[in-house]
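What follows draws every value from the coordinates through simple rules; no lab data is involved. In this text the structure is predicted, and so the values were computed from the model without any measurement. Because the Cβ atoms are built from the backbone with ideal geometry, glycine has one as well, and the counts that use them run over all protein chains shown.
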Amino acid sequence: MHHVPLSWYLILSAILFALGIAGFIYRKNIITVFMSIELMLNAVNLSFVAFAYQLRQVDGQIYAFFVMVVAAAEAAVGLAIILTVFKNRKTLQIDEIDSMKL
Amino acid sequence: MPSGYLPIFVFAILAALFPVAALLLARLVRPSAPNAAKLSAYECGIEPTSQSRGRYSVRFFLVAMLFVIFDVETVFLFPWAVRYRQLGWFGIAEAGVFLAFLVVGYVWVIRKRVLDWS
Amino acid sequence: MPVFTGSDMLTLLPAIVMCLFACGTLVLDVMGRRIPRGRRWLMLFGLCGLAITGVSLWRQWSALAAGGLSQYTGAQGAVTLDGLGFFSNALVLGATVLLFLTSYRFLEITREHSGEYYSLALFAQAGMYFMATASELITLFLGLELTSISFYILVGFTRVDRRSNEAALKYLLLGAVSSGFILYGFSLLYGIAGSTELADISSAVSGRGASDPFVVVAVVTIVAGLLFKISAVPFHMWAPDAYDGAPTPVTGHLSVASKVASFAVILRLLPMTLGSVRSLWEPLLIVAAVASMTVGSIAALTQHRLKRLFAYSSIAHAGYILLGIIAGTQMGLRGVYVYLIVYALMNLGAFTVLTALHRHGIAGEDLHDLRGLSTTRPVHAALFVVLLLSLAGMPPTAGFLAKYYIFTALIETRHYALAVIAAAYVVVSLYFYFRLVREMYMRPAETREPLAASLGIRLSLYATAALTLFIGVFPEPVLRLGFRISGVGQ
């Protein structure tokens, strides 16, 4: 029985995390930025689950559960805030939300 | 190199090749005679009346958000279900406390009339 | 089979009380909409909850003292009661009480008065309890997120105000990214140690050493995420916008409570857990501290919006507090504790004055709103001057004492260059605090509209200003407290 080695999972997780950061920095639409953040959290989940599998433990999987739930709560709050922003100014482009520049 | 995945690779390649080959073959042998009736929706519902990227009511977003939260929270009940016998009364009490907190949220949602559609 | 024992109850009681009262506030709010003056009862209900939390914290402290223990780990290793935890919790609890006292009038004026505000503040308090006491990664992460999510909503609480929305959006996006960074570091720590308990992680990391790539990446990502939370440069961009847009009492709470709790996390994670790889994180903290003092002090010079000015000033203060951690000695840690107490007092007092400036029809968020305060409200102006002197670090106020300890610790540990830089920025900061005094005392008043007043606002202002002066003149009790805590938590 062959296993995918741990390092592959960790590399994939690092790549996904880096993609999330890149999306956060370069994307202009708030919803896409928000999805990039979710991608970062899921990259972390992947590495938790991979470690848990490697270590034959359940802690890491439980951690992933908690991350999922927190991400859902954060997404709900985030979408609510995005909705009020949109109601107040009718745009979701991040460069146009700048009433507080210096 | 993991070898157990070879059939999946082969399957994936075949799955990608089949529609391409079928469409190419059909294009080569069929006659070309377009008309309006061919382009209409055929026994698959009605003609769309507006763009599919139109605006939705805010209510849909609220309900979707509530669904996401209450749906994801139930993930904590699964570990309890798996270890139901070992956890015994402690597990039941913990799950009760957890559900009580969810009920508080539910009561708040109802009293705020978020689910009131009239 | 797990059971819930009396000692678990003891370790978790403050958080349980907070969660119950937070839920109670929500339910009472939606059930009793028609009760006259219902909001006032809700606020008092919340204050009752805070009082009970205070009592249960006191019970924990005396139970520990009675057993002669310096720390106690309960709830199956999830929560550790020690000096650091008690210190941070007591400070945050005081900040939440002042938030309740100052918010009532503010919410009435902005017409955003609702029970959710108090409920979220109580949830944040529960989250900060776990930030200060968690000795395990899952609990720590949940505490961090419970606090952050409550604050995201509180910052955007005035929904019709565009600035408030925008502030909440920016705080949420950047806060979520910083949580992601911390979490990535946590996942690597879990992989290194095979356990989520901080004690196991500490020994596993010291076994691996500072050259292990996993340790390096974990430390760098965690430090970056934590610097975000205390708004240290280069991760400070959210702070001016979030502080400016948030409702003023929330800004005060954000600048004090969330910063104190985040410093508790930093103290527990870096010196206590990752102390063996000090060579990795110390340079990062030095860069962040110097950059924070520089950017905070210099950017504050040109601000004309009060809350932005205080945002930059609190960025600079975060730099000073980091210096105490960099020194790392008993003296340095004692300096951190004393600085946090003093910082909390003077910032809460200053934001109480800003809250009082917010009246019907006047936002009170600009520098010229302070004009003529010395003639219209001489007592407010005089107390504000005391708080500003303390923020600038002038004797005989408490701010001087705090800076004195940090400088002594730096010189003791031969960080002469850092001490000189820090002293130079004290001079710069004098100038921008003086600008506020000049507006109050040397410019004529623009409006006769009286300040927003309530018993809570007056109480909060008098208490913070009096304590700031008292600690400056009679430092003994606070020093003894700092000494005791820095001795207990080690």
Kirkwood Rh over alpha-carbon pairs of region B:58-111 plugged into Stokes-Einstein at 10 °C, 1.306 mPa s gives a D in µm²/s of 127
Neighbours of residue B:103 by Cβ distance under 14 Å: Lys/Arg at +1, Asp/Glu at -1, summed charge 0
Only helices counted: for chain C, with every DSSP H run of 4 or more residues adding -39500 (n - 2.57) and the sum spread over all residues, [θ] at 222 nm is -26000 deg cm²/dmol
Among C:344, B:29, C:86, the residue whose Cα sits farthest towards the positive end of the charge dipole of the protein assembly as shown, when +1 is placed on the Cβ of each Lys and Arg and -1 on the Cβ of each Asp and Glu, is C:344
Partner shielding of C:158-169, as the mean number of partner chain Cβ atoms within 10 Å, equals 5
Here FRET efficiency (C-beta to C-beta, residue A:3 to residue A:32, R₀ 35 Å, nearest 0.05) is 0.50
Across the alpha-carbon set of the protein assembly as shown, Rg over Rh with Rh taken as the Kirkwood radius works out to 1.00
For region A:39-102, listing trypsin sites (Lys or Arg not before Pro) in a DSSP loop whose Cβ sees at most 16 other Cβ atoms within 10 Å gives A:56, A:90, A:101
1/(1 + (r/R0)^6) with r = Cβ-Cβ of residue C:298 and residue B:25, R0 = 51 Å, i.e. FRET efficiency to nearest 0.05, evaluates to 0.10
Residue C:3 and residue B:92 label points (each 7 Å along its Cα→Cβ direction) are spaced in nm at 1.7
Hits in region C:1-30: amide N under 17 Å from the 7 Å Cα→Cβ extension of residue C:63, namely C:3-19
With +1 at each Lys and Arg Cβ and -1 at each Asp and Glu Cβ, the charge dipole magnitude of the protein assembly as shown around its Cα centre, to the nearest 20 debye, comes out at 1440
Expressed in Å to one decimal, the Kirkwood Rh of region A:29-92 from all distinct alpha-carbon pairs is 13.1
Output field shielding_mean for C:127-138 (other chain Cβ, 10 Å radius) holds 1
When chain A is treated as a Gaussian network with springs between alpha carbons less than 10 Å apart, the largest mean-square fluctuation among A:88, A:45, A:29 is found at A:88
If unit charges are put on Cβ atoms (+1 for Lys and Arg, -1 for Asp and Glu) and the dipole of region C:6-488 is taken about its Cα centre, the option from C:224, C:357, C:408 lying farthest towards the positive end turns out to be C:357
The extension gain from residue C:70 to residue C:411, computed as 0.36 nm times the residue separation minus the Cα-Cα distance, is 119.8 nm
Over region C:195-336, the quotient of the Cα radius of gyration and 2.2 N^0.38 Å is 1.11
Phi-derived 3J(HN,Hα) across region B:14-26 with the Karplus relation (6.51, -1.76, 1.60, θ = phi - 60°), rounded Hz, x for Gly and Pro, is 4, 4, 6, 6, 4, x, 4, 4, 4, 5, 4, 4, 4
1/(1 + (r/R0)^6) with r = Cβ-Cβ of residue C:33 and residue B:70, R0 = 22 Å, i.e. FRET efficiency to nearest 0.05, evaluates to 0.40
Expressed in angstrom, Rg and Dmax over the Cα atoms of region C:271-362 are 16.2, 56
Binned at 20 Å starting from 0, the alpha-carbon pair-distance distribution of chain C in whole percents comes out as 25, 59, 16, 0
Per-residue average of other protein chain Cβ atoms inside 10 Å, peptide C:171-178 -> 6
